[in-house]
Amino acid sequence: MADKQASHVSLAYRKARRKALGLVGGVLAAPWIIGGAARAQAAWPSRPVRYINPYPAGGPTDTLSRLFCAAMSELTGQQFVVENRGGDGGDVGMVEVARSEPDGYLLGMGGIASHAISPTLKAGKMRFDAAKDFTFITNIWTLPNFLIGNLNVPAGNAPELIELLRRNPKKYFYGSSGAGTTPHLSGELFKLLANVEVTHVPYRGTAPAMVDLLGGQVHLLFDNIPGALAQYRPRKVRGFGVTSAARSPIVPEIPSLSEFLPGYDISSWTALVGPARIAPAVVERISFFSRQALESADLKQKFYDRGATAWWTSPAELIAYRASEEKRLGDLIRAARISAD
C-alpha cells in the first residue's frame, strides 16, 4: 500500500511539473519578455538551488527543510541543496541570504525568530533589515509549542495548573530553549494572560532543559511540539496545553491554552525568503512550485507526522503576515520586558 501511495504521489508531482512547464512556455512566448536575461529568469530553475537553514543540522527545522527541499527537487528537476548556517539565533544564515545575488538560486528559511522577534529583541543590533532586505515568497510550515510539566507538579490540567501558580507566586520555575525564543515568549504570554508569577530559566537549547525538567530542577517547560512529544507519549511528563489558537491534530486530547486564556496564540512559523529584488517572474515560478509541494498530500502527511502543518501563502500574504507578527510580538516583548541577554 505504501509503495502504491508513493507511486501515486510521484505521478502527481510529475503531472504538476508538466503543468508548470506548460505555463512557463506561455510566459516565455509572451511578447513583453525581451532579452536573454528575462528569458533566463522565466526558465528558473536551470541549475541547483541552495537553501540556507540558519540553524544546526539534526533539529526539527533541519528535518522539515529537507523534506520540503526534496519535494521541490522532484517538482523542478533541479536539486535543492540544504546548507546549515547556524549561529546568533539564526542571524548568521539570514545575513548570507540577504547579501546573496537576487537570481533565485540562493534561498533561505526565514521565520518568526529572524523576521518577527529579532527586530524588536535586537533593535539597533541587527545586521539586516527584516522587512527590506528580503524577497518574501511563501510560508512553509507552522509548529506550535507544548507546555509540559514534571509529574510531581500537583496539577492534572491547565486550569488546575493556573490555580496552583496563582496560589504560589514565584515558587515554580519554567524552562525554555533560550531567551527570546518562541518557547520563552510562549511562557511570558502565559504569565501575562494567566496573571501568574513563574520564574523563567533559559537554557542553551532544549536538551538540557528537558534533562532538568525530568530531574525536577524546573517544574514546567515550553518546547516545540516534536521534542515535547518524545517525552509526553511515553507519559514521562504531563501535557497541559499547546500554544496555537486551536488544538493540534497531533495531540487532539491536549487543549489549546486559548481555551482557558482567550487571545493566547504563539506558534513557530517559517518562510521561504530570498535576497531583496528577485525578479517578479522568478518569484512567481518559485511560488508556483512551492504551492505544488506544500499542498501535496505526501508532504502534508510527512509534516503532520512530525508535528508541523504545511502552509502555503502568496508573497503578498506573507509580507502582511510578517509585519503583523512583528508588531504583535514586539508589543509582547515590550510588555514582558524581555531582553536577549
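Packing, taken as the mean count of other beta carbons within 10 Å per residue, orders the peptides 187-196, 269-278 from highest to lowest as 269-278, 187-196. Taking all Cα pairs closer than 8 Å and separated by 6 or more residues, the relative contact order of the chain comes to 24 percent. Using the Cβ-Cβ distance between Ala179 and Ala43 with R0 set to 51 Å, the FRET efficiency works out to roughly 0.65. Relative contact order, whole percent, for the range 268-341 stands at 21, derived from Cα pairs under 8 Å and 6 or more residues apart.
Cβ-Cβ distance of Leu214 and Arg166, R₀ of 22 Å, FRET efficiency by 1/(1 + (r/R0)^6): the value works out to about 0.30.
Label zone of Glu101 (point 7 Å out along Cα→Cβ, amide N under 16 Å): in the range 39-83 this covers 39-51.
Under the rule a/c < 1.5 gives rounded, and otherwise a/b versus b/c splits prolate from oblate, where does the range 144-259 land using the Cα gyration tensor? It comes out rounded by the Cα gyration axes. The string of couplings for the range 62-71 from the Karplus curve (6.51, -1.76, 1.60, θ = phi - 60°) is 5, 4, 5, 4, 5, 5, 4, 5, 5, 5 Hz, one whole number per residue in order, with x for Gly and Pro. Have a look at Val242, Tyr203, Ala179 and report the one farthest towards the positive end of the charge dipole of the range 144-259, computed about the Cα centre with Cβ charges (Lys/Arg +1, Asp/Glu -1). Checked the options; the winner is Tyr203.
Per-residue ellipticity at 222 nm computed for the chain from its helices equals -14000 deg cm²/dmol, with DSSP H segments shorter than 4 residues left out and the rest contributing -39,500 (n - 2.57). Among beta bridges identified by DSSP and lying wholly in the chain, the antiparallel ones come to about 60 percent. Per-residue packing, averaged as other Cβ atoms within 10 Å, sorts the ranges 207-219, 307-319 into the order 307-319, 207-219, beginning with the highest. Taken as Cα centroids, the range 268-341 and the range 211-231 sit 27 Å apart, rounded to the nearest whole angstrom. Placing R0 at 35 angstrom, the Cβ-Cβ distance between Glu259 and Arg127 gives a FRET efficiency of 0.30 after rounding to 0.05.
The packing ranking of peptides 325-336, 140-151, highest mean first, is 140-151, 325-336, where packing means the average number of other beta carbon atoms within 10 angstrom of each residue.
Give the residue list of trypsin sites (Lys or Arg not before Pro) in the range 212-244 that are DSSP loop and have at most 10 other beta-carbon atoms within 10 angstrom. Passing sites in the range 212-244 are Arg235.
Every number in this text was worked out from the coordinates using simple rules, so none of it is lab data. Since this is a predicted model, take the numbers as computed values, not measurements. Reconstructed Cβ throughout: ideal geometry from the backbone, glycine too, with neighbour counts over all protein chains shown.
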